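Each remark here refers to the structure printed beneath this line.
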Amino acid sequence: MSAKQNILDKLRQSLTGTTPVPDDFDEALVTEIYTYPPEQRIAQLRKLMEAVHTEIHLTHSADWPALLAQLLQARDLPSLLIAPTTPHGRRITEHWANNPQLPVLKAYDRPVEEWKAELFNETPASLTTTLGAIAATGSLILWPTREEPRLMSLVPPVHFALLKASEIYDNFYQVQRQFAWAQGMPTNALLVSGPSKTADIEQVLAYGAHGPKDLVVLILEDQ
């Protein structure tokens, strides 16, 4: 028997003969004051995220590759890390094929051990998608996958994130219900509200200490 199974068995046995506590959870406490009209969700999310140094751009599904290219060039970034087999990765590849002057595309298509030095030292920016966002807290929901691992949003100094406006939820409780997390928690869901920052050193706020220095969110509005 594994150590994990042994611990779980002991916990179950400790409940023998006990009476469950009544579930008097009041859903209104976590939803009522954190619910917004659909037309206000973008503004609410934007207000909170920009307050913590996140850059927000509104665009549409047909236009975001061109906007992304402009933002990369404005920052003079020489390359962009993408997940080439994802739908958004293919969109970028197609757009870049018609614009050879754009920054170099790097594909995350091999184990990190094979290119760790390049990833950490020579990869200035990356693009990932999101599972959605939470208006009440001003947070993106990142959902790393085999195609788009966590290091893509953690290592490069500039992180570009795609967010569909239709996937901005009111509150965390709504997200849990939407994705049925009570029946099975995700392996690695992340809530991100802004670029990495810390004030541990002499109480001076510094960005980029433990992750991206810049977070740029492209919100794809419904046509």
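Assorted remarks:
- Residue count for the range 49-60 satisfying the condition of being farther than 13 Å from L215 by Cβ and not β-branched (V, I, T): 2.
- Hey, T59 outside any loop (DSSP other than H, G, I, E, B), polar (S, T, N, Q) and farther than 16 Å from E167 by Cβ or not: no
- Failed criterion for T128 (all others in (1) of a type in the set (V, I, T); (2) loosely packed, with under 13 Cβ neighbours inside 10 Å; (3) within 21 Å of the chain's Cα centre (by Cα) hold): (2)
- The single condition from (1) within 21 Å of P87 (Cβ to Cβ); (2) out of contact with any Leu (no Cβ under 9 Å at 6 or more places or on another chain); (3) of a type in the set (V, I, T) that T187 fails is (1).
- Looking only at the range 174-207, and only at residues there that are over 16 Å from the mean Cα position of the chain (by Cα), in a loop (DSSP other than H, G, I, E, B) and among the small types (G, A, S), the one that is surrounded by the most Cβ atoms within 10 Å (Cβ to Cβ): A199
- Annotation note: of H88, H57, H53, the sole residue that is at pLDDT 95 or above, more than 26 Å from F179 (Cα to Cα) and not hydrophobic (A, V, I, L, M, F, W, C) is H57.
- Checking each residue in the range 47-58 for being buried (at least 17 other Cβ atoms within 10 Å of the Cβ) and either more than 15 Å from D170 (Cβ to Cβ) or aromatic (F, W, Y) (or both) picks out M49, T54.
- Within the range 1-39, the set of residues being in a loop (DSSP other than H, G, I, E, B) and surrounded by 10 or more Cβ atoms within 10 Å (Cβ to Cβ) comprises T35, Y36.
- Test: residue in the range 107-127 that is touching a residue at least 12 places away in the same chain (Cβ under 8 Å), assigned to a helix (DSSP H, G or I), under 27 Å from V175 (Cβ atoms) and out of contact with any strand residue (DSSP E or B) (no Cβ under 7 Å at 6 or more places or on another chain): no
- Evaluation of T128 against the conditions (1) closer than 19 Å to D214 by Cα; (2) out of contact with any His (no Cβ under 9 Å at 6 or more places or on another chain) shows that the sole unmet condition is (2).
- Only one of R75, R91, R146, R110 that is among the basic types (K, R), surrounded by fewer than 19 Cβ atoms within 10 Å (Cβ to Cβ) and within 17 Å of E55 (Cα to Cα): R75
- The set of residues in the range 74-90 that are part of a helix (DSSP H, G or I) and under 19 Å from the mean Cα position of the chain (by Cα) comprises P87, H88, G89.
- Residue match in the range 198-205 (condition: in contact (Cβ under 8 Å) with a residue 40 or more places away in the chain, on the phi < 0 side of the Ramachandran plot and of a type in the set (S, T, N, Q)): no
The values are calculated or read from the model by the stated rules, or taken from the named source; none is laboratory data. Given the structure is predicted, the values throughout are model-derived calculations rather than measurements. Neighbour counts run over all protein chains shown; Cβ positions are idealised from the backbone, glycine included.
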